[in-house]
Amino acid sequence: MSAQRVVVVGAGMGGLVAALELAQHGLAVTVVDAGTAPGGKLRQLRVDGQAIDSGPTVFTMRWVFDELFETLGLSLDRELRLQPLSVLARHWWDDGSAMDLYADPAQSFDAVGNLAGLDEARRFRDFCLQAQAVYRTLERPYIRQATPTPWGLTRDVGWRGLQVLTGLGPLNSLWRNLSRRFNDERLRQLFARYATYTGSSPWQAPATLMLIAQVEMEGVWSVDGGMQALAACLQRLAVARGVQFRFETSCDGIVLKGRRATGVRLASGEQLDATAVVFAGDSAALRQGLLGDGARKAVSARAAPRSLSALTWSLHTATTGLQLDRHNVFFQRRYADEFDDIFRRRQLPRTPTVYLCAQDRGVPGAVPEDGQPERLLCLVNAPAVGDQQTLTAEALEQCENNSFQLMRRCGLAIAPAGPQVLRTSPKHFHQRFPATGGALYGQASHGWMSAFARPRATTPLQGLFLAGGSVHPGPGVPMAALSGRLAAAALMDSLASTSSYPRAATSGGTSTHSATTANTA
C-alpha cells in the first residue's frame with residue numbers, strides 16, 4: 001500500500017476531505033497549497049488583533065461530517081464543539097420591518113404571520129413542505145450521486161419524484177416560483193436569497209434551489225473557534241494518518257505521461273511523482289491552462305458564466321441601534337437592480353443587499369456589552385471581474401457607502417475606521433484563486449441544465465481527479481466536503497480496477513465502487 005502515492009493540490013475543504021479519506025485507506029498523501037493555512041476560501045483574518053471568519057460562516061448539513069467522521073471511527077461532537085442556533089437569520093428591511101427565521105418551523109410560521117399576515121404564513125408552510133419534498137427527491141440521486149445526468153435523474157427519482165419536480169415548473173426560475181407562491185415582496189426577497197448561496201441570480205437560478213430552505217431548517221450551527229476550527233480539525237486528523245502538508249507551495253503544472261497524470265510540478269521546479277493527483281483548486285485554472293496545456297483536457301473547453309464574487313469588510317468595532325443576531329441580512333427595495341447590475345452591467349450593485357455575521361452573538365451568553373467592539377463580517381455580492389480593471393477605487397468607495405447607508409436606514413450604526421476594518425474585493429479573491437476573476441462559487445447555477453454542467457470527480461485524464469466547490473455537487477462547505485469524498489472514492493475505485501489493490505469499504509460496508517456510482521456522501 002505504501003507504494004501508492006497521491007498528491008492533493010489545494011487544502012480547501014474538498015482537498016482536506018479527499019486527503020483524509022485516502023490516508024484512511026492507507027495511501028501516502030501529500031497536500032500542497034499556496035496559502036499559509038488549511039481552509040481555502042474558509043479563512044480567518046486578523047483585524048485589530050482579533051481573528052474574524054472572513055469566508056464561509058454557516059455550518060449546515062452536519063450529516064455530511066457525521067458520516068465522514070464515522071468512516072474514520074470518530075465522533076464529530078468529540079472533535080469539534082458545535083452550537084445549534086435557534087435563530088437561522090434575522091432579516092431587516094429599510095421600511096422599518098424585520099423578521100427572524102427560526103430553526104423551529106412553528107416559530108417561523110408565527111414570525112411570517114406577524115410580518116405579512118396569516119395567509120402568507122400558510123403559504124410559507126406550503127413552501128416549506130415543497131422545499132422538503134424537493135430536497136428528499138434530490139439528495140440521493142443528485143447530491144450524493146457521483147455522475148448525475150438528466151436521464152439518470154429522471155429514472156432514479158421515480159414517478160413521485162417527477163411529480164415533485166414538475167410541480168415546480170420545469171423551466172421556472174427561483175424568483176418566478178416565489179412570485180407565484182408569495183404575495184409579499186419581502187418574503188420573495190428573503191427566500192430568493194438562496195440563489196446567492198450558489199453564487200447565482202434568483203432570476204436565472206432554477207426553482208430547485210428552494211431546497212436550501214430545508215437544509216437550513218434541518219439545522220444551522222456555530223463552530224467554537226470559528227469555521228477555521230473545522231479546517232484545522234481535518235488537518236489534524238489527516239496528519240495523524242500520515243498526510244504531509246506543504247503550505248506556501250505553489251503548483252505550476254500537472255505532470256502527464258500521455259493521458260495519465262503522474263505527478264505535479266511545483267513553482268520551485270521540484271517535481272512530486274504520484275500514482276494519482278487530486279486537483280482541489282478551481283477548475284477554471286485547468287481550463288485556462290495554468291496547470292499546463294495538457295491538463296486543459298481534464299475539463300470542458302467551454303467556460304460557463306462565472307458565479308458571484310463579493311466585496312467584504314472584516315471589522316472589529318462597536319454597533320448601535322439594533323439587536324443583532326449571529327446571521328443578519330439587510331434588504332433594500334429594488335432587489336432586481338442588484339442582479340441586473342452584477343450579471344448584466346458587470347458592475348458593483350448600486351442598491352446592494354448586505355449580509356452581516358456578528359460572530360460574538362447567537363448562542364446563549366454571547367452578547368457583547370454595550371459600546372464594546374465585536375467581530376463582524378459584512379458582505380455584498382459583486383461581479384467576478386477581479387481580473388479586469390473595471391472596479392475603480394471610486395466605485396468601491398461608493399458601494400461601501402451605499403452598503404453602510406442601507407444598514408443605517410434599517411437602524412444599525414457601524415463606524416469602521418483605521419485598523420478596525422479590512423476590505424476584500426473581487427481583485428483580492430482573484431489573486432488568491434487565479435483564473436476565477438474572484439468568482440467564489442465556480443460557475444453560476446443559471447438554467448436547469450446548470451446542475452449537470454459542473455465538472456465531476458473523474459476526468460478524461462487517467463489518474464487526475466477533481467474536488468472543491470467548483471465541481472459537482474457544488475459550492476459551500478458541506479458540498480465541497482462531499483466532492484472530496486467523491487474524488488477519494490473515484491480514485492480508490494480506479495486503483496482497484498487497474499491493479500490488485502483491494503477495494504476499500506466505506507461506511508456501512510459498501511464497496512468503493514458502489515459508493516462512487518450511487519451513494520457516496
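The values are calculated or read from the model by the stated rules, or taken from the named source; none is laboratory data. Being a predicted model, the structure only gives us computed values, none of them experimental. As a convention, Cβ positions derive from the backbone with ideal geometry for all residues, glycine included, and neighbour counts pool all protein chains shown. Only protein heavy atoms, including side chains, enter the accessible area calculation; ligands, DNA and RNA are left aside. Shrake-Rupley method; radii C 1.70, N 1.55, O 1.52, S 1.80 Å.
Set side by side, the residues Ala496, Ala435, Ala439, Ala489 differ, and just one is of a type in the set (A, V, I, L, M), crowded, with 18+ Cβ neighbours inside 10 Å and assigned to a helix (DSSP H, G or I), which is Ala489. Of the helices (runs of 4 or more DSSP H) lying entirely inside the stretch 1-92, those carrying at least 1 residues that are surrounded by 23 or more Cβ atoms within 10 Å (Cβ to Cβ) and either acidic (Asp, Glu) or in contact with a helix residue (DSSP H, G or I) (Cβ under 7 Å, 6 or more places away or on another chain) (or both) are 13-24, 62-71. Against the list (1) in contact with a Gly (Cβ under 9 Å, 6 or more places away or on another chain); (2) not in a helix (DSSP H, G or I), the condition Arg296 fails is (2).
If you check Arg193, Arg180, Arg155 for being assigned to a helix (DSSP H, G or I), among the charged types (D, E, K, R), within 28 Å of Ala103 (Cβ to Cβ) and open to solvent by 30 Å² or more (accessible area, probe 1.4 Å), only one passes: Arg180. When the stretch 356-394 is filtered for residues that are over 19 Å from Leu440 (Cβ atoms) and among the small types (Gly, Ala, Ser), the ones remaining, listed by number, are Ala358, Gly362, Gly365, Ala366, Gly371, Ala393. Contact annotation: residue pairs with Cβ atoms under 7 Å, 6 or more positions apart or on different chains, pairing a residue in the stretch 320-339 that is in a loop (DSSP other than H, G, I, E, B) with a partner that is surrounded by fewer than 23 Cβ atoms within 10 Å (Cβ to Cβ) and β-branched (Val, Ile, Thr), are Asp325/Val87; Gln332/Thr351; Gln332/Thr353; Arg334/Thr351. Answer yes if at least one residue in the stretch 204-223 is free of Cβ contacts under 8 Å to residues at least 60 places away in the same chain and farther than 30 Å from Arg345 by Cα, and no otherwise. The answer is no; no qualifying residue exists.
Taking the criterion of being under 26 Å from Gly55 (Cβ atoms) and at pLDDT below 95, the residues of the stretch 285-304 that qualify are Ala303, Ala304.
Just one of the listed residues (Ala384, Ala413, Ala395) is touching a residue at least 12 places away in the same chain (Cβ under 8 Å) and either acidic (Asp, Glu) or touching a Leu at 6+ places or on another chain (Cβ under 6 Å) (or both), namely Ala395. The residue pairs whose first member lies in the stretch 7-33 and is at positive phi, whose second member is open to solvent by less than 10 Å² (accessible area, probe 1.4 Å) and among the small types (Gly, Ala, Ser), and whose beta carbons are closer than 7 Å, counting only pairs six or more residues apart or on different chains, are Gly10/Gly468. In the stretch 196-219, the count of residues that are of a type in the set (A, V, I, L, M, F, W, C), in contact with a Pro (Cβ under 8 Å, 6 or more places away or on another chain) and open to solvent by less than 10 Å² (accessible area, probe 1.4 Å) is zero.
Which residues, taken from the stretch 372-390, are part of a loop (DSSP other than H, G, I, E, B) and open to solvent by 40 Å² or more (accessible area, probe 1.4 Å)? Hits for the stretch 372-390 are Gln372, Pro373, Asp387, Gln388, Gln389, Thr390.
If we scan the stretch 401-411, do we find a residue that is part of a loop (DSSP other than H, G, I, E, B), in contact with a Phe, Trp or Tyr (Cβ under 9 Å, 6 or more places away or on another chain) and surrounded by fewer than 21 Cβ atoms within 10 Å (Cβ to Cβ)?
Yes, that holds for at least one residue.
So that you can scan it fast, the table gives a plain yes or no per residue for (1) open to solvent by less than 10 Å² (accessible area, probe 1.4 Å); (2) in contact with a strand residue (DSSP E or B) (Cβ under 6 Å, 6 or more places away or on another chain); (3) among the β-branched types (Val, Ile, Thr); (4) closer than 30 Å to Arg408 by Cα:
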| residue | (1), (2), (3), (4) |
| --- | --- |
| Gly292 | no, yes, no, no |
| Leu308 | yes, yes, no, yes |
| Thr320 | no, yes, yes, yes |
| Leu324 | yes, yes, no, yes |
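Each residue in the stretch 412-432 was checked for being assigned to a helix (DSSP H, G or I) and open to solvent by less than 70 Å² (accessible area, probe 1.4 Å), and 5 of them qualify. For the stretch 162-174, filtering for residues that are surrounded by fewer than 19 Cβ atoms within 10 Å (Cβ to Cβ) and in a helix (DSSP H, G or I) leaves 3. When Asp119 is tested against (1) outside any strand (DSSP E or B); (2) within 30 Å of Asp282 (Cα to Cα), exactly one condition is not met: (2). Within the stretch 138-167, the set of residues being over 21 Å from the mean Cα position of the chain (by Cα) and either within 25 Å of Ala89 (Cα to Cα) or among the polar types (S, T, N, Q) (or both) comprises Thr149, Thr154, Gln163, Thr166.
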